[in-house]
Amino acid sequence: MSAITLHALLRPRPRARLLLQAVLFAVAVVLACGLMPAGTAVAAPVTVAQCNGISNVGGQGIDCSVTVVNTYDVATGLGSSTVTVQACTGAANAANTCTGPTTTSYADVTTTVEQCNGSANGGGGTGTCAVSVTNNITGGATLAAATVNQCVGSGGAGTATSCSPLQSTSGATVTQCNGSVDGGGGALTCTVPSASTQTASLPVRVAQCNGSGRGGGAFLTCRTSITTNLIAAPVQPTPSASASASPAASASPTASASPSASTSPTAAASASSSPSAAPSPSTSPSAAAPSAAPVAPVGPGTGVLPDTLTPDAGTPIAETPLKPTRPSTGTDLPTTGTDVEMLTLLGMLTTAGGVVLMLVARRPRGRHVLR
């Protein structure tokens with residue numbers, strides 16, 4: 001077999017080498033990226049919109065409502081909401097056909113409500129729309145009265161207008177009943193209760209009944225209320241070293257009034273070798289006066305122990321206080337059994353090795369000449 005043929009057999013094929021490099025690179029990507037801690041997806045704030053631009057034919061009516069309950073934690077920035085909607089349409093001043101009420105839960109707070117805008121614009125049209133928002137906020141937040149932009153450019157000749165309050169505010173929390181019921185006649189009643197509140201921690205915007213009921217003789221009634229409830233954040237317990245510094249004992253040792261134990265070294269050692277409870281530092285041991293009658297010692301070698309062993313009242317036993325233990329702070333996490341950092345480093349090293357192999361494979365090689 002010639003040298004050229006032997007070299008061709010021993011030299012790795014370019015296609016196989018490239019395939020091996022691709023496999024190594026894929027494994028490296030999985031190790032480097034797939035094993036890293038994954039982030040938590042956060043849903044976007046919710047916008048609720050209904051009953052906009054509908055029932056604009058004469059003699060039609062709408063009756064729509066939105067109820068929002070937000071739950072928000074200032075410290076974590078996480079929140080959720082529950083929204084209940086109902087929409088009724090049909091002839092004015094008659095029983096309407098309703099859809100709902102329908103309740104939906106969202107993984108984030110609802111911050112915008114748009115309802116009954118550009119609707120019920122036919123002659124003699126009617127509209128009744130309501131929005132209720134309740135914000136339950138945990139943590140530090142500052143309350144302020146909800147700002148209102150209401151009944152600006154509304155009401156025509158002979159229109160009974162009742163707006164509470166009648167305000168023009170740019171960027172208001174509630175924008176309601178502007179440019180509405182200006183076709184003459186009819187009535188416009190729009191309300192934002194004075195008790196409505198807002199907070200910069202959870203800004204909410206409501207736009208309702210704007211550009212609606214513009215036909216002659218239209219009747220439009222709209223109401224928006226925003227209630228904000230502040231909930232104190234839970235107090236985290238503070239570790240205290242003094243909580244376990246003073247060991248408690250169940251009782252203090254008391255000598256028997258009529259000791260019958262032997263004063264031999266064997267008995268004394270048995271009595272002091274296994275104390276049953278540590279005495280309280282605040283409780284002083286009390287010993288009763290021994291009986292005046294002498295106690296006959298047990299002779300050595302008899303193998304008989306007294307029925308009751310009593311500590312020597314004249315020699316107090318030193319007690320070693322228990323060392324206080326540091327209470328757990330609750331921050332210890334269970335182990336997962338996988339060293340993510342090590343696997344990530346391994347993946348990065350594998351990636352670097354794959355890149356080096358690819359560069360070596362793409363390097364031009366000289367031709368081998370048989371001599």
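The values are calculated or read from the model by the stated rules, or taken from the named source; none is laboratory data. Computed from a prediction, not measured in an experiment: that's the story for all the values here. Note: ideal-geometry Cβ built from the backbone for every residue, glycine included; neighbour counts use all protein chains shown.
Looking at Pro234, Pro247, Pro253, Pro259, which is the one that is touching a strand residue (DSSP E or B) at 6+ places or on another chain (Cβ under 9 Å), at pLDDT below 95, surrounded by 14 or more Cβ atoms within 10 Å (Cβ to Cβ) and in a loop (DSSP other than H, G, I, E, B)?
On the way: Pro234 fails: surrounded by 14 or more Cβ atoms within 10 Å (Cβ to Cβ); Pro247 fails: touching a strand residue (DSSP E or B) at 6+ places or on another chain (Cβ under 9 Å); Pro259 fails: touching a strand residue (DSSP E or B) at 6+ places or on another chain (Cβ under 9 Å).
Of Pro234, Pro247, Pro253, Pro259, the one residue that is touching a strand residue (DSSP E or B) at 6+ places or on another chain (Cβ under 9 Å), at pLDDT below 95, surrounded by 14 or more Cβ atoms within 10 Å (Cβ to Cβ) and in a loop (DSSP other than H, G, I, E, B) is Pro253.
Being touching a Gly at 6+ places or on another chain (Cβ under 7 Å) and surrounded by fewer than 18 Cβ atoms within 10 Å (Cβ to Cβ) narrows it down to one residue among Gly158, Gly139, Gly215, Gly183; which is it? Give the steps one after another, and end with the answer.
Working: Gly139 fails: touching a Gly at 6+ places or on another chain (Cβ under 7 Å); Gly215 fails: surrounded by fewer than 18 Cβ atoms within 10 Å (Cβ to Cβ); Gly183 fails: surrounded by fewer than 18 Cβ atoms within 10 Å (Cβ to Cβ).
Just one listed residue meets the conditions, Gly158.
Quick one: which strands (runs of 3 or more DSSP E) lie wholly within region 94-184 and hold at least 3 residues that are of a type in the set (Gly, Ala, Ser) and at pLDDT below 95?
Working: elements: 97-106, 110-115, 126-138, 148-150, 160-164, 174-176.
Filter on region 94-184 gives an empty set.
Can you tell me which of Ala120, Ala107, Ala157 is within 35 Å of the chain's Cα centre (by Cα) and in contact (Cβ under 8 Å) with a residue 24 or more places away in the chain? Working first, answer last.
Values: Ala120 fails: within 35 Å of the chain's Cα centre (by Cα); Ala157 fails: within 35 Å of the chain's Cα centre (by Cα).
After ruling out the rest, the residue left standing is Ala107.
Of the residues in region 60-77, how many are surrounded by 16 or more Cβ atoms within 10 Å (Cβ to Cβ) and not in a strand (DSSP E or B)?
Matching residues across region 60-77 total 1.
Can you pull out every residue in region 186-209 that is surrounded by fewer than 24 Cβ atoms within 10 Å (Cβ to Cβ) and either out of contact with any strand residue (DSSP E or B) (no Cβ under 7 Å at 6 or more places or on another chain) or assigned to a loop (DSSP other than H, G, I, E, B) (or both)? Write out each step before concluding.
Here is the first cut: in region 186-209, the residues surrounded by fewer than 24 Cβ atoms within 10 Å (Cβ to Cβ) are 187, 189, 191, 193-205, 207.
Across region 186-209, the qualifying residues are Pro193, Ser194, Ala195, Ser196, Thr199, Ala200, Ser201, Leu202, Pro203, Val204.
Restrict the check to region 55-76 and report whether at least one residue is without any contact (Cβ under 8 Å) to a residue 60 or more places away in the chain and more than 15 Å from Phe219 (Cα to Cα).
We begin by selecting, within region 55-76, every residue without any contact (Cβ under 8 Å) to a residue 60 or more places away in the chain; these are 76.
Cutting the leftovers down to more than 15 Å from Phe219 (Cα to Cα) gives us 76.
There is at least one residue in region 55-76 that is without any contact (Cβ under 8 Å) to a residue 60 or more places away in the chain and more than 15 Å from Phe219 (Cα to Cα).
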